[in-house]
Amino acid sequence: MKTLLLNPGPVTLTDRVRQSLLQPDLCHRESEFYDLQDEARARLLEVYRLHPQDWSAVLMTASGTGAVESMIASLVPPNGKLLIVQNGVYGERIASIAKQYGIAHEIVVHEWMQAPDLARIEACLDANGPFSHVAIVHHETTTGRLNELSQLGARCRARGAQLLVDAVSSFGAEAIDFDKANIAAAAATANKCLHGVPGASFVVARRQAIESGASRTYYLDLARLATLQAQRSTPFTPSVHAYYALVEALREFEEAGGVPARHARYAALAEQVRLGLAARGIMSILPPEHSSVVLRSYALPNGLDYEALHDALKAHGFVVYAGQGNLSKQLFRISTMGDIEAADMDRLLKAFDSLVK
Ligand SMILES: *Cc1c(COP(=O)(O)O)cnc(C)c1O
């Protein structure tokens, strides 16, 4: 039995992407590699139809956190200041990164279940500014909440600040209006909504933002990566096979209809699971209109702890995901990224029947 991954990345691969890993061994100093790198960078901009004149997609060999770290460390200028909107684990991680690099910052802390409070964010911008950037997690995978970007971006634009977006678990599946939201850059990874394998991640950034950034990190220096990649070069040895998979996944993504199609596909699967679990007395934590289509969190049924739930579902061929920190006692998470069909989710729901009475 094939085990299906319902955790928030890495995802269950399509056969087409899996087969792409078996292409010839490639030296990263040969033109074949640079063709691959060029195609990946061009296709990443195409996902949101960003114009290469103004935007650059910069690849790196790292997990999603590497791309977020690169974006924060490289794009806040030496004399810049960062406001961090925090309502989950990944917002906390951005704050840890800012602290690690000694970047001037303020944090607007929310409860993990709360939506960002625009009034509090505006008050902080006004009381402690000027800020060059505001960092926010688009889809806070901690809870499945989709944080709104465009209204926040408009408030920031009025105060001369641009958004740095952790879009690791939304890039490719949720709409992002880069202009309206006044976004300077978004960081993401190959192995979530794009359906590649772990090892390749990227920052999509305004060229102007890269030029006015800072050089605080060696390996993750965005400006150096951008410059060398534009010259068909690379500073270090990239995860060549992960790039094979990323390019194949991006081709498949475009052929399938791009962001609208992936959004619709995930939405149908997420709603199928939400309604099916509700019928079995297991309720989603957030209403669907506040949730991403990528992942939903659900209240653990009474008398069933997470380990028991996880192990029983794994025996049926499904890997679900725990809540983080204190939430591990309250909730579990189901992501519907990857090569998953409605029939698979029917089987998942049937597997729940043997667990809940
Ligand atoms: C998965 C994820 C990350 C990065 O996690 P890695 O394990 O480093 O790939 C960052 N932010 C969000 C919102 C995520 O969901």
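Rule-based calculations on the coordinates, nothing more; no lab input. Worth saying up front: this structure is predicted, and the values here are computed from it rather than measured. Glycine gets a Cβ as well: all are built from the backbone with ideal geometry, and neighbour counts include every protein chain shown.
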List C27, C124, C193, C156 from most exposed to least, where exposure is judged by having the fewest other Cβ atoms within 10 Å. C27, C124, C156, C193
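Label the stretch 53-120 by shape, choosing from rounded, prolate and oblate, from the square roots a ≥ b ≥ c of the eigenvalues of the Cα gyration tensor; if a/c is under 1.5 it is rounded, and otherwise prolate applies when a/b is larger than b/c, oblate when it is not. Intermediate results must be reported in sequence, preceding the final value.
Numbers: a/c = 1.73, a/b = 1.50, b/c = 1.15.
It is prolate, given that a/c is not under 1.5 and a/b is the larger ratio.
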Give the distance, in whole Å, between the Cα centre of the stretch 62-83 and the Cα centre of the stretch 300-357. 34 Å
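Just need the Rg to Rh number for the chain, please, alpha carbons only, Kirkwood Rh. Write down the numbers at each step before the final one.
Numbers: Rg = 20.2 Å, Rh = 20.8 Å.
Radius of gyration over Kirkwood radius for the chain works out to 0.97.
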Low-density loop cleavage sites - trypsin sites (Lys or Arg not before Pro) in the stretch 200-274, where at most 14 other Cβ are within 10 Å (DSSP): R232
Could you put K81, K2, K99 in order, starting from the residue whose Cβ has the fewest other Cβ atoms within 10 Å? K2, K99, K81
If each residue's Cβ is checked for other Cβ atoms within 10 Å, how do E252, E140 rank with the fewest at the top? E252, E140
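At a Förster radius of 30 Å, what calculated FRET efficiency corresponds to the Cβ-Cβ distance of M1 and H290, to the nearest 0.05? Don't jump to the answer; show the numbers that get you there.
Numbers: r = 35 Å, r/R0 = 1.15.
With R0 = 30 Å, the Cβ-Cβ based efficiency is 0.30.
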Within 10 Å of each candidate Cβ there may be at most 15 other Cβ atoms; applying that plus a DSSP loop requirement, which chymotrypsin sites (Phe, Trp or Tyr not before Pro) in the stretch 195-253 survive? Y218, Y219, F236
If the label point is 7 Å along Cα→Cβ of S354, which residues in the stretch 293-309 have backbone nitrogen under 19 Å from it? 301, 304-309
Quick one: Debye curve from the C-alpha atoms of the stretch 1-119, no solvent, what's log10 I(q)/I(0) at q = 0.13, 0.16 Å⁻¹? -0.82, -1.09
Once the convex hull of the alpha carbons of the stretch 221-289 is built, what does its volume come to per residue, in cubic angstrom? 179 Å³
Can you list the residues of the stretch 31-65 with backbone N under 18 Å from a point 7 Å past the Cα of R251, pointing along Cα to Cβ? 31-47
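Among the trypsin sites (Lys or Arg not before Pro) in the stretch 159-205, which ones are in a DSSP loop with at most 15 other Cβ atoms within 10 Å of the Cβ? Mind listing them? Please list the in-between numbers first.
Working: sites: R159, K180, K192; in loops: R159, K180, K192.
Passing sites in the stretch 159-205 are R159, K180.
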